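The values are calculated or read from the model by the stated rules, or taken from the named source; none is laboratory data. All of these numbers come straight from a predicted model, not from anything done at the bench. Positions of Cβ are generated from backbone atoms using ideal geometry, with glycine treated the same way; all protein chains shown enter the neighbour counts. Please note that ligands, DNA and RNA were not included when accessible areas were found on the heavy atoms of the full protein model with its side chains. Shrake-Rupley method; radii C 1.70, N 1.55, O 1.52, S 1.80 Å.
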Amino acid sequence: MTYTELFIAVKNYLQNDFPTNTWTDVAGTGPDPSTGAEQIDTFITQAEERIYNTVQIPALRKNVTGVTADGNKYLSCPTDFLSVFSIAVIDGDGNYEYLLNKDVNFIRAAYPNPNTEGLPKYYALFGPTVASGIITDELSFILGPTPDAAYDVELHYYYYPESITVAADGRTWLGDNYSPVLLYGTLVEAYTFLKGEQDMTAQYEKKYQEALGQLNRLGTGLERGDAYRDGQAKIKVNP
């Protein structure tokens, strides 16, 4: 399902064009001519975030590399970072040393002197990054011990993929591979906005939960195993 198909489906299901006559266009001279686009895009992005915080699909994983600074115990997170899957420091021989997640207090207790340097073994989510004395919206890690060299770092992390509302080709993994959960999730958000009838709200929520369960079977079930290790799926047949 593309963005255009989803956009049209939402309006058809709810029989509502979601007119945007409550605000003005860019020139400030009248109603925005894009019929309902701003409202429907909000419903879609809210649905996407609900889905992404419920089911761990592979499309939510991202891998980046960085470099530590000699004598600097802090490491900035990517701007789209949400949570860690793994962090590895690569030593001079090319060996990967996967860091253990700890609390900031543990690292402070284990290495009370920040000048204690070596190959990092632990990391903790420290807090907002400070740039030029200004606290930013981005987060940073603290490493223990403090790096004694410029080590390559490989971070595997959780993030929100680009929304289907802004994708250049109007497509995303979710829309291409399991569109029912995106459609019904958006309908739940839209019908809630419309303050619709409770029975229909419950029906859309039921369909959304059914679709979410099927996506969960795929994302945290089928995609995390194979027939070689787990055996083929089969239905038990009574003799």
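Below is a table of values for the structure above.
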{"quantity": "Rounded to whole Hz, the Karplus (6.51, -1.76, 1.60) HN-Hα couplings of the stretch 57-72, x for glycine and proline", "calculated": "8, x, 5, 8, 9, 9, 10, 9, 10, x, 9, 7, 10, 4, x, 10"}
{"quantity": "Accessible area (Å², per residue) of the chain, counting only protein heavy atoms and a probe of 1.4 Å", "calculated": "59"}
{"quantity": "Karplus (6.51, -1.76, 1.60) ³J(HN,Hα), θ = phi - 60°, over the stretch 37-50, in Hz, Gly and Pro reported as x", "calculated": "4, 5, 5, 5, 4, 5, 4, 5, 5, 5, 5, 4, 5, 4"}
{"quantity": "Net charge contributed by nearby residues that have their C-beta within less than 13 Å of N72 (K/R +1, D/E -1)", "calculated": "-2"}
{"quantity": "Ellipticity estimate at 222 nm from DSSP helix runs (n ≥ 4, -39,500 (n - 2.57)) divided over the chain, nearest 500", "calculated": "-10500 deg cm²/dmol"}
{"quantity": "Percent RCO, i.e. relative contact order, over the chain, from Cα pairs under 8 Å lying at least 6 residues apart", "calculated": "26"}
{"quantity": "In degrees, nearest ten, helix 179-193 long axis to first principal axis of the chain (Cα)", "calculated": "70"}
{"quantity": "Relative contact order of the stretch 135-239, pairs being alpha-carbon contacts under 8 Å that are 6 or more residues apart, as %", "calculated": "17"}
{"quantity": "Angle between the chain longest axis and helix 3-14 axis [Cα atoms, degrees, rounded to 10]", "calculated": "50"}
{"quantity": "Reciprocal of mean inverse Cα separation for the stretch 85-185 (Kirkwood radius, Å)", "calculated": "16.6"}
{"quantity": "Ranked order, M1, M200 - accessible area, probe 1.4 Å, largest first", "calculated": "M200, M1"}
{"quantity": "J(HN,Hα) series, the stretch 211-217, from Karplus relation 6.51 cos²θ - 1.76 cosθ + 1.60, nearest Hz, glycine and proline x", "calculated": "5, 5, x, 5, 5, 5, 4"}
{"quantity": "Correct option for Cα Rg over 2.2 N^0.38 Å [calculated from the coordinates] among (1) 1.02; (2) 1.16; (3) 1.34", "calculated": "(3)"}
{"quantity": "By accessible area with a 1.4 Å probe, ligands and nucleic acids excluded, highest first: order of I142, I134", "calculated": "I134, I142"}
